[in-house]
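Asks: Below is one structure. I have some questions about it.
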Amino acid sequence: MKQNKKTTVKVKDLCKNYDDIQASNNLNFEACQGDIIALLGPNGAGKSTLMNMIAGYLAPSSGSIEILGKDIAQFPLFAKENIGFLPEGSPLYADLSVYRFLRYMAELRGLKKDAVIKAAEIANINNVLQQKVETLSKGYQRRVGFAQSILSNPPILLLDEPTDGLDPNQKDYIRGLIRQMAQDKTIIISTHLLEEAEMVCNRIFVLDGGVIKAQGTLKEILNLTSCNNIAEAFRKLTRQEN
Ligand code: ATP
């Protein structure tokens, strides 16, 4: 099924060190159009570090990342133009209204008002457009961040804990959107919600200590670990030695 899908992200021998901490240790993988990849792993496993490097917010210590066939070190603008990124935490410029924030982010990308209207509609935030970002609940801030990430309708979306803080209805809504949008995109999400990875994603990467311990479909991960469910496989792959 994957053969004729376009490779969109290629990560090769990727490493990131912070002094003596190896946050990413020789990561290798390819992602294609249509992929929804879940990055799973305990706190400090290196999920955000990997996303920040693919988004171009963090320089690798070594190794390379290609976006649509172009190395991001050589073509950083091209990479940014083709990636939408929802980082961990709240959106920047919290003292702006939601509309001004999105309009500003759109202008930075050379996009018109229509892009803001469309993204706000998709992220279901029309009722808070005039409210200051900093006065919104955590869930709404997350949705504003999500709207920001899809402004340019990019082919690659990186979503760091996209449903963190959302109520159950909004979780369902965003998960449905992710599935729908993935038909012509590559979407990489990080999550601590194992059921989210199982429900939404067609590939799962389990990281621990900066290393990809296992990658594949849910079925492949369960076969590899001889486990019956993802929670058991996660525990097995990320168990600390006593
Ligand atoms: P979480 O699930 O808690 O969000 P994570 O899997 O996203 O964790 P990272 O935030 O990528 O993990 O962190 C990976 C490792 O790199 C951790 O040991 C962390 O302490 C370290 N680290 C991350 N950022 C820095 C930094 N700026 N300086 C030093 N160490 C850092």
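The values are calculated or read from the model by the stated rules, or taken from the named source; none is laboratory data. This one's a predicted model, so the numbers in the text were calculated from it and none came from an experiment. Please note: Cβ atoms are built from the backbone with ideal geometry, for glycine as well, and neighbour counts cover all protein chains shown. Keep in mind that these areas ignore ligands, DNA and RNA; they rest on the heavy atoms of the full protein, side chains included. Shrake-Rupley method; radii C 1.70, N 1.55, O 1.52, S 1.80 Å.
Asks: Evaluate the stretch 164-175: report whether one residue or more is within 24 Å of Lys47 (Cα to Cα), away from the ligand (no atom under 16 Å from the Cβ) and among the basic types (Lys, Arg).
Replies: Yes.
Asks: When you go through (1) open to solvent by less than 40 Å² (accessible area, probe 1.4 Å); (2) without any contact (Cβ under 8 Å) to a residue 40 or more places away in the chain one by one for Ala73, which number turns out not to apply?
Replies: Tallying (1) open to solvent by less than 40 Å² (accessible area, probe 1.4 Å); (2) without any contact (Cβ under 8 Å) to a residue 40 or more places away in the chain, Ala73 fails exactly one: (1).
Asks: Kindly indicate whether Pro87 is open to solvent by 30 Å² or more (accessible area, probe 1.4 Å), at pLDDT 95 or above and not charged (D, E, K, R). Give the steps one after another, and end with the answer.
Replies: Working: open to solvent by 30 Å² or more (accessible area, probe 1.4 Å): yes; at pLDDT 95 or above: no; not charged (D, E, K, R): yes.
Here the answer is no, as Pro87 does not meet what is asked.
Table: residues versus (1) under 27 Å from His192 (Cα atoms); (2) among the β-branched types (Val, Ile, Thr); (3) exposed (fewer than 14 other Cβ atoms within 10 Å of the Cβ); (4) in contact (Cβ under 8 Å) with a residue 24 or more places away in the chain.
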| residue | (1), (2), (3), (4) |
| --- | --- |
| Lys47 | yes, no, no, yes |
| Pro60 | yes, no, no, yes |
| Phe78 | no, no, no, no |
| Arg103 | no, no, no, no |
| Ala106 | no, no, no, yes |
| Lys112 | no, no, yes, no |
| Lys132 | no, no, no, yes |
| Leu136 | yes, no, no, yes |
| Arg142 | yes, no, no, yes |
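Asks: Another question, if that's okay. I need every pair where a residue in the stretch 184-207 that is free of Cβ contacts under 8 Å to residues at least 60 places away in the same chain and away from the ligand (no atom under 16 Å from the Cβ) has its Cβ under 8 Å from the Cβ of a residue that is among the basic types (Lys, Arg) and open to solvent by less than 30 Å² (accessible area, probe 1.4 Å), sequence separation at least 6 or different chains.
Replies: Within 8 Å, the pairs are Met199/Arg175.
Asks: Residues of the stretch 170-181 being more than 12 Å from the chain's Cα centre (by Cα) and either open to solvent by 40 Å² or more (accessible area, probe 1.4 Å) or touching a residue at least 60 places away in the same chain (Cβ under 8 Å) (or both), which ones?
Replies: From the stretch 170-181, those more than 12 Å from the chain's Cα centre (by Cα) are 170-177, 179-181; that's our starting set.
Lys171, Asp172, Tyr173, Arg179, Gln180, listed by residue number.
Asks: Would you check if Pro42 is at pLDDT 95 or above, farther than 24 Å from Ile178 by Cβ and open to solvent by 20 Å² or more (accessible area, probe 1.4 Å)? Before the answer, list the steps.
Replies: Numbers: at pLDDT 95 or above: yes; farther than 24 Å from Ile178 by Cβ: no; open to solvent by 20 Å² or more (accessible area, probe 1.4 Å): yes.
Judged against the criteria, Pro42 is not a match.
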